[in-house]
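To keep things clear, I will list the structure first and then write my remarks on it.
The values are calculated or read from the model by the stated rules, or taken from the named source; none is laboratory data. Note that this is a predicted model, so its numbers are computed, not measured. All Cβ positions, even for glycine, are placed from backbone atoms using ideal geometry, and neighbour counts span all protein chains on display.
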Amino acid sequence: MKTIRWGIIGTGNISSTFAKAVTSLEGAKLVAVASRSQERANEFAEKFHIEKAYGSYQELALDPELDVVYIGTPHTEHFSNARECIINKKAVLCEKPITLNQSETMHLIELAKEHKVFLMEAMWTKFLPVTQQVKQWVKEKRIGTVKHLKISFGFYKDFDPEHRLFNPNLAGGALLDVGIYPITYTIHMLDKLPDQILSFSEIGKSGVDEQNVIIFKYNEGMLAQLSSSVLLDTGDDAEIIGENGRIVVPKFWMAESALLYDKEGKLLESCSIPHKVNGYEYEAMEVNRCLRDGKLESDLVPLKDTLNIMKLMDQMRNEWGLKYPQEEE
Ligand SMILES: NC(=O)c1ccc[n+]([C@@H]2O[C@H](COP(=O)([O-])OP(=O)(O)OC[C@H]3O[C@@H](n4cnc5c(N)ncnc54)[C@H](OP(=O)(O)O)[C@@H]3O)[C@@H](O)[C@H]2O)c1
């Protein structure tokens, strides 16, 4: 089995989480890390026993020893970080949202095609075994035809205009940070983009959406009520309601369990699959598999879906009048 050699860009929260996951895998080696500061790169390298620590992202992108780079920087940096890696022939696993908007995503997709390089948004939820079990229940019509979904993702966070969740210069706001999960989950479960969307947001003091609600309507008769917040705990469970029963997925975005009920509320089946490490190992395993098979994208997170979701989020932000400084002409 070919060992896949990984590099990581950024030394923040999610990069540490991902480093734990990838270093646990057989057939993968975390070879390099890059930070904007040599000191932080050294610290991270020491913590995760990584051979090479770079004090700039560009040096890592140029490292000929790497097969793939994980990008764990704020949303606003994804485009330029991914671009640098792709033009240097490195496969890319980029944190969500893959870019700020549809136009940047399109650009990256074209660049990845041109350079024949693998590209995937790190939508890890789709690779969790519990998500796959839930999708299987839906496909097998265990709850009959799905008619309704209720999904939220929100948490309490004290307002801080400098923090990336509230800072417009780092593309803060609920939609791009957490709202992307209920949207992606719904489209994944129904295998279809909505026919109509109605959405509202509350734009806070720093000029980004602190909370939002979104309704998806499908011509086949399905409705989804979705919401997200970076200021309030609006919950983070998913409920999928069908004509004959209901599936409940506690903490759907990092799910380790799911419950299947009949119409009378009787529990028919449950599944519990604890993460092997922290849940991020599954997306890393998918990237390893794809690279070994010479694939340029993942079947489960195809670039067309990533682009379509960016397009929907652009559309909503447009209706809310939410533009980031980087998008102003
Ligand atoms: N999949 C998930 O479950 C999940 C969870 C959390 C976050 N995320 C995503 O991961 C990304 C990073 O989130 P995080 O919570 O890990 O953020 P974070 O803790 O702030 O870390 C971001 C890192 O990016 C680097 N960076 C580059 N340019 C920066 C800038 N202008 N300002 C601040 N940092 C900059 C910094 O590393 P250096 O200083 O070393 O260069 C920093 O440590 C976001 O896009 C977020 O949506 C995903």
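Condition first: among the small types (Gly, Ala, Ser) and surrounded by 22 or more Cβ atoms within 10 Å (Cβ to Cβ). Now tell me which residues in the range 246-260 satisfy that. The answer is Ala255, Ala258.
Tell me, which residue of the range 166-182 that is in contact with a strand residue (DSSP E or B) (Cβ under 9 Å, 6 or more places away or on another chain) and assigned to a loop (DSSP other than H, G, I, E, B) is nearest to Phe216 (Cα to Cα)? Break it down into steps so the answer makes sense when it comes.
Let us first name the residues in the range 166-182 that are in contact with a strand residue (DSSP E or B) (Cβ under 9 Å, 6 or more places away or on another chain), namely 166, 172-182.
Going one step further and asking which of them are assigned to a loop (DSSP other than H, G, I, E, B), we end up with 166, 172-173.
Numbers: Phe166: 26, Gly172: 23, Gly173: 20 Å.
Among those residues, the one meeting the criterion is Gly173.
In summary, Cys271 fulfils each of the numbered conditions (1) in contact with a Gly (Cβ under 8 Å, 6 or more places away or on another chain); (2) within 17 Å of Lys135 (Cα to Cα) with the single exception of condition (1). Identification of strands (runs of 3 or more DSSP E) wholly contained in the range 1-107 with 2 or more residues that are surrounded by 18 or more Cβ atoms within 10 Å (Cβ to Cβ) and of a type in the set (Gly, Ala, Ser) yields 28-34.
Filter the range 87-107 down to residues that are basic (Lys, Arg) and over 30 Å from Ala238 (Cα atoms) and give me whichever is nearest to the ligand (Cβ to nearest atom).
Taking the range 87-107 as the starting set, the residues that turn out to be basic (Lys, Arg) are 89-90, 96.
This time we only want the ones that are over 30 Å from Ala238 (Cα atoms), so: 89-90.
Details: Lys89: 22, Lys90: 17 Å.
By that ranking, first place goes to Lys90.
All conditions in (1) free of Cβ contacts under 8 Å to residues at least 60 places away in the same chain; (2) assigned to a strand (DSSP E or B) hold for Leu260, with the sole exception of (1).
Of all residues in the range 52-72, which are within 13 Å of the ligand (Cβ to nearest atom) and more than 22 Å from Gln326 (Cβ to Cβ)? The answer is Ala53, Tyr54, Gly55, Glu59, Leu60, Tyr70. Looking only at the range 277-291, decide whether some residue is over 15 Å from the mean Cα position of the chain (by Cα) and among the small types (Gly, Ala, Ser). No, because not a single residue in the range 277-291 is over 15 Å from the mean Cα position of the chain (by Cα) and among the small types (Gly, Ala, Ser).
Give the range 1-17 a look and list any residue that's touching a Gly at 6+ places or on another chain (Cβ under 9 Å) and either more than 8 Å from the ligand (Cβ to nearest atom) or among the small types (Gly, Ala, Ser) (or both), or say none. Spell out how you get there, then give the answer.
Of the range 1-17, the ones touching a Gly at 6+ places or on another chain (Cβ under 9 Å) are 1-4, 8-17.
Once the filter is applied, which keeps residues that are touching a Gly at 6+ places or on another chain (Cβ under 9 Å) and either more than 8 Å from the ligand (Cβ to nearest atom) or among the small types (Gly, Ala, Ser) (or both), the range 1-17 yields Met1, Lys2, Thr3, Ile4, Ile8, Gly10, Gly12, Ser15, Ser16.
For the range 196-229, residues that are acidic (Asp, Glu) and either in a helix (DSSP H, G or I) or farther than 14 Å from Phe166 by Cβ (or both) total 1. Return yes when Ala255 is in the same structural domain as Lys157 (by TED's automatic domain parsing) and within 16 Å of the ligand (Cβ to nearest atom) and no when it is not. Answer is yes for this residue.
Test of understanding: among His49, His75, which residue is within 10 Å of the ligand (Cβ to nearest atom) and either at pLDDT 95 or above or hydrophobic (A, V, I, L, M, F, W, C) (or both)?
On the way: His49 fails: within 10 Å of the ligand (Cβ to nearest atom).
Step by step, each of His49, His75 is checked, and only His75 is within 10 Å of the ligand (Cβ to nearest atom) and either at pLDDT 95 or above or hydrophobic (A, V, I, L, M, F, W, C) (or both).
Looking only at the range 213-233, filter to residues that are surrounded by 18 or more Cβ atoms within 10 Å (Cβ to Cβ) and under 24 Å from Tyr280 (Cβ atoms); which one of those is farthest from the ligand (Cβ to nearest atom)? The qualifying residue farthest from the ligand (Cβ to nearest atom) is Leu226.
Residues being part of a helix (DSSP H, G or I), more than 30 Å from Glu328 (Cα to Cα), within 16 Å of the ligand (Cβ to nearest atom) and touching a helix residue (DSSP H, G or I) at 6+ places or on another chain (Cβ under 8 Å): count how many of those fall in the range 108-145. Final tally of qualifying residues: 5.
Any residue at all in the range 230-250 that is polar (S, T, N, Q) and outside any loop (DSSP other than H, G, I, E, B)?
no
Could we say that Leu193 is in a loop (DSSP other than H, G, I, E, B), at pLDDT 95 or above, closer than 12 Å to Ile309 by Cβ and of a type in the set (A, V, I, L, M, F, W, C) here? Spelling it out, Leu193 is indeed in a loop (DSSP other than H, G, I, E, B), at pLDDT 95 or above, closer than 12 Å to Ile309 by Cβ and of a type in the set (A, V, I, L, M, F, W, C).
Taking the options Asn167, Asn101, Asn88, Asn81, name whichever one is under 15 Å from the mean Cα position of the chain (by Cα) and of a type outside the set (A, V, I, L, M, F, W, C). Answer to the check: Asn101.
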